[in-house]
Amino acid sequence: MTGVTEHDHPDEADSDTGAPGLRRRGLPIAALVPLSAVTWWVVGFLPWLLSGTAGSDRPGRGGGHPGVLPVPLTVEELGSLVEGAAFGGLLAGALGLLARSAPRGQVTAATFSGTVLAAVTTGAVSTMTLLRGGGVAAEGAVLGMVCLVGAFCTVVGWAVGAAVMLGRPGVSAALAVSAGLGGAWLVGVLLHILPVGPYDLAWVTPVRSWSVAAVLTMALIVLGGRPVRRLLLWPLLILIPWLIESGLTAVQYLVRSLTTGSAGVPGLPEALDASIEVFWLASAPDMRPVLPWVVAIVVGAVGAVLRLPRAAGPDGADEEHRVRTERRPVRTSASVVEEEER
């Protein structure tokens, strides 16, 4: 029996990936390299770039940085680094959907190359700026630790984003992670583009909570409930953004512990222990609005039910299902879902 490529059944492949709006013939692979580089830096670190701090001589605990600081490689801005590197990496990895008709290995290599290119370039510029400024921020151990954190978050974020090419489970996982990261990112952007004062921040918690809930709802709908074993992944999808938000809170506490400058500041081991305790405290249900999460689960369940396929007719064990299970699609980023169903 001759193999069937993904070009012969564009509608099915589109529906399996959970992104029906994308065309079958997407961007050339070479375009993914610069696009993923720009996405990682400009989109991921948009709150940092909008703040104006990237190009200012802002004095800090480790001294000022006389020059451009494309990415925040300082302890004071560790939270911005973690959030931007992870979220930017996720978005860069997900750009593989724009070239789904190309071989999956080439697509992932292109997005990874662009992400690494942006991280190395901006990281090198920031490092040279900090070394010229001197102070604690220029110490080898401190700068090396911050760079390691940024690299780790970038790679993990990219890997999660690249999982979108594995089909609906991958797309839903990426959406769940982006829900946890995107809420803080959205608030960071809005704080710098809206004319709000330092005491007019009552909107921050509702906007962050409901934006997380909206993306989580999409993740649940995309995952769906067929086959039934996918329902086992629902608690995990819900838990992912919940714990990510707690983790971001713990990182902010760690930053405050390390940069207060008082004589009683704990060392790094003690600060890490305290941050872990803050993480578990922040994970308690009474530490955040629960209503958006309940709404997300309910709406996600309704949407998943509405997406269930209608029952097969009397003729059959479904000829369409039989044909699909006999296909041998080529190994591309668009056909991996068909292999999963077999």
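Bear in mind that the values in this text are calculations on the coordinates, not laboratory data. Owing to the predicted nature of the structure, the values given are computational and were not obtained by experimental measurement. Cβ placement follows ideal geometry from the backbone for every residue including glycine, while neighbour counts extend to all protein chains displayed.
Return the long-range amide H neighbours of residue 71 (sequence gap of 5 or more, or a different chain), with a cut-off of under 5 Å between placed amide H atoms.
Amide H to amide H, under 5 Å and 5 or more residues apart or across chains, residue 71 pairs with 126.
With labels modelled as points extended 7 Å from the Cα through the Cβ direction, what inter-label distance (nm, one decimal) is found for residue 276 paired with residue 295?
Between residue 276 and residue 295, the simple spin-label model gives 3.7 nm.
Spin-label point model (7 Å from Cα, Cβ direction): what's the residue 192 to residue 268 distance in nm?
Between residue 192 and residue 268, the simple spin-label model gives 2.8 nm.
So how strong a dipole does the range 153-258 carry about its Cα centre when Lys and Arg Cβ are +1 and Asp and Glu Cβ are -1, to the nearest 20 debye? Intermediate values should be presented prior to the final figure.
On the way: 6 positive and 2 negative charges, 84 e Å.
Around 400 debye, computed over the range 153-258.
Could you work out the pair-distance distribution P(r) of the range 123-270 from its alpha-carbon pairs, with 10 angstrom bin width and percents rounded to whole numbers?
10, 27, 30, 24, 8, 1
With label points built 7 Å along Cα→Cβ from the Cα atoms of residue 152 and residue 125, find their separation and express it in nm.
Reported label-point gap for residue 152 and residue 125 is 2.6 nm.
Step through the residues of the range 161-166 one at a time and calculate ³J(HN,Hα) from phi using the Karplus curve (6.51 cos²θ - 1.76 cosθ + 1.60, θ = phi - 60°), rounding each to whole Hz and writing x for Gly and Pro.
With coefficients 6.51, -1.76 and 1.60, one gets x, 5, 5, 4, 7, 8 Hz.
Using 0.36 nm times the number of residues separating residue 231 and residue 203, minus their current alpha carbon distance, what extension gain do you get? Intermediate values should be presented prior to the final figure.
Numbers: separation 28, 0.36 × 28 = 10.08 nm, distance 3.38 nm.
Working it through step by step, the gained length comes to 6.7 nm.
What list of ³J(HN,Hα) values in whole Hz, one per residue of the range 186-196 in order, does the Karplus curve 6.51 cos²θ - 1.76 cosθ + 1.60 (θ = phi - 60°) give from phi, with Gly and Pro shown as x?
With the stated coefficients, the range 186-196 comes to 5, 4, x, 5, 5, 4, 9, 10, 9, x, 10 Hz.
So what are the ³J(HN,Hα) numbers for the range 277-286, from phi and the Karplus equation (6.51, -1.76, 1.60; θ = phi - 60°), rounded to whole Hz, Gly and Pro as x?
In residue order, the calculated couplings are 5, 5, 4, 5, 5, 5, 7, 5, x, 7 Hz.
If R0 is 51 Å, what FRET efficiency do you get for residue 260 and residue 308 from their C-beta distance, rounded to 0.05? List each step's numbers first, then the result.
Details: r = 54 Å, r/R0 = 1.06.
Calculated transfer efficiency: 0.40.
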